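Reviewing the structure listed below.
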C-alpha cells in the first residue's frame, strides 16, 4: 500500500472515529436516555468498538513496512518508535482494565452475606467510589487495548516482520532451546511429550531470544486474543442476544485470561529485569549492540555441544521494527 493511500485511509478512519465519538457523546449527554450511568457506559463502549478498531487498523497501516538497520555508533535500534509508543499505550490500557476488571469480580465475591474479614476491609475502602466509575475506567482501558490489538495486527500484516515467530520448520528447535533453559526436571517433562531434543546445539539468537520466540510472544498472543474475544462477546450482549451458555463461558474465560495476563506480566518483568538491556530497549528503542549481544548469546545454554559462532560483524540486536 502506497504512502498516499495509507494517509487517505488514516484520515478517513480518524474522521469516522471522531464523527462516531461525537454522535455517541451527544446521544449519551442528551438527557433522553432512561438508563443509569452504568448501563449508559455499557452502551457507549459497545457503540465505540467499531470506531476504535478502525482507527487502530489505520494507524497500523500507516506505519507500513519495517525499516532497515539503524545505528548510532555503538547503539543499534531494537524497536522502532511506533513499537515503543504502542507498547506503552497497551500498558496504559492494561493498567486501567486489569485492576478494575478484577475488582468487579472480586467485589461480587466479597459482597456475599458473610464476607471474609479482609474482604470487608476492601469493601469499606472502595465503597465511596461509585460502581459505574469502576466500569467506566474498565471500558476506557478495554478500548485502549482494542486499539492496540488492531494497530499491532495491521502493522504485523503489512510490515513483513516475523522475527518474533520461529521460521517455518524451526518450531521444534526453538522449543528445544527454550526447554533446555528451564529447570532440569521441568524441561524434561515438557520435552518428553513434545519429543524435543534437549542436547540439540543451536547458534545464539540473532534478534530475539529463544525464550521470546518459543514461549513469550506466542503465550502473549494467546492470552491477549482470549481476553479480547471474550470481552467482545460480553460487550455484545447489550446489543445482541447472546446464548446463556456462551455468555457464561465467555465470562469464565475472561476472568481466567485476566489471571493469566497477571502471571504473564510477572514473568515478563522477571525475565526482562534480569536482562536490563531489554528494559532499556523497551523504553528507548535503542540499546548498545554489545549489551544486547551478551543477552542473546548468554540465553542459550550450551551443555552438550558448542553452538555455531556468531560472526563478529553481524549485529545481534534487532535493527528493524518489531512489535515486542
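The values are calculated or read from the model by the stated rules, or taken from the named source; none is laboratory data. Note that the coordinates shown come from a computational prediction; the quantities given were computed from them, not determined experimentally. Please note: Cβ atoms are built from the backbone with ideal geometry, for glycine as well, and neighbour counts cover all protein chains shown.
Just give me the residues in region 174-187 being in a helix (DSSP H, G or I) and under 25 Å from the mean Cα position of the chain (by Cα), in sequence order. Reasoning before the result, please.
From region 174-187, those in a helix (DSSP H, G or I) are 174-180, 184-187; that's our starting set.
Those that are in a helix (DSSP H, G or I) and under 25 Å from the mean Cα position of the chain (by Cα): 174, 175, 176, 177, 178, 179.
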Would you check if residue 205 is at pLDDT 85 or above, in contact with a helix residue (DSSP H, G or I) (Cβ under 6 Å, 6 or more places away or on another chain), buried (at least 17 other Cβ atoms within 10 Å of the Cβ) and within 20 Å of residue 79 (Cβ to Cβ)? no
Given the residues 223, 239, which is the only one that is in a helix (DSSP H, G or I) and closer than 23 Å to residue 97 by Cα? 223
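If I ask for residues that are outside any helix (DSSP H, G or I) and buried (at least 16 other Cβ atoms within 10 Å of the Cβ), which ones from region 242-261 would you list? Full working, then the answer.
Just the residues of region 242-261 that are outside any helix (DSSP H, G or I), to begin with: 242-243.
Within region 242-261, 242 is the sole residue that qualifies.
Would you check if there is a residue in region 188-199 being within 21 Å of residue 79 (Cβ to Cβ) and not in a helix (DSSP H, G or I)?
Filtering region 188-199 for residues within 21 Å of residue 79 (Cβ to Cβ) gives none.
The answer is no, given that none of the residues of region 188-199 is within 21 Å of residue 79 (Cβ to Cβ) and not in a helix (DSSP H, G or I).
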Limited to region 208-230, what total is found for residues that are within 24 Å of residue 244 (Cα to Cα) and surrounded by 17 or more Cβ atoms within 10 Å (Cβ to Cβ)? 6
Could you give every pair whose Cβ atoms fall below 9 Å, whose first residue belongs to region 151-178 and is in contact (Cβ under 8 Å) with a residue 12 or more places away in the chain and at positive phi, and whose second residue is assigned to a loop (DSSP other than H, G, I, E, B) and surrounded by 20 or more Cβ atoms within 10 Å (Cβ to Cβ), counting only separations of at least 6 or pairs across chains? 160/66
Could you go through region 182-194 and let me know if any residue there is within 21 Å of residue 278 (Cβ to Cβ) and in contact (Cβ under 8 Å) with a residue 24 or more places away in the chain. no
Yes or no: residue 144 over 18 Å from residue 295 (Cα atoms) and part of a helix (DSSP H, G or I)? yes
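Count, please, the residues in region 70-80 that happen to be surrounded by fewer than 13 Cβ atoms within 10 Å (Cβ to Cβ) and touching a residue at least 40 places away in the same chain (Cβ under 8 Å). Don't jump to the end; show me each part of the working.
Step one: of region 70-80, the residues surrounded by fewer than 13 Cβ atoms within 10 Å (Cβ to Cβ) are 72-74.
In the following step, the residues that additionally are touching a residue at least 40 places away in the same chain (Cβ under 8 Å) were identified as 72, 74.
Total meeting the criteria: 2.
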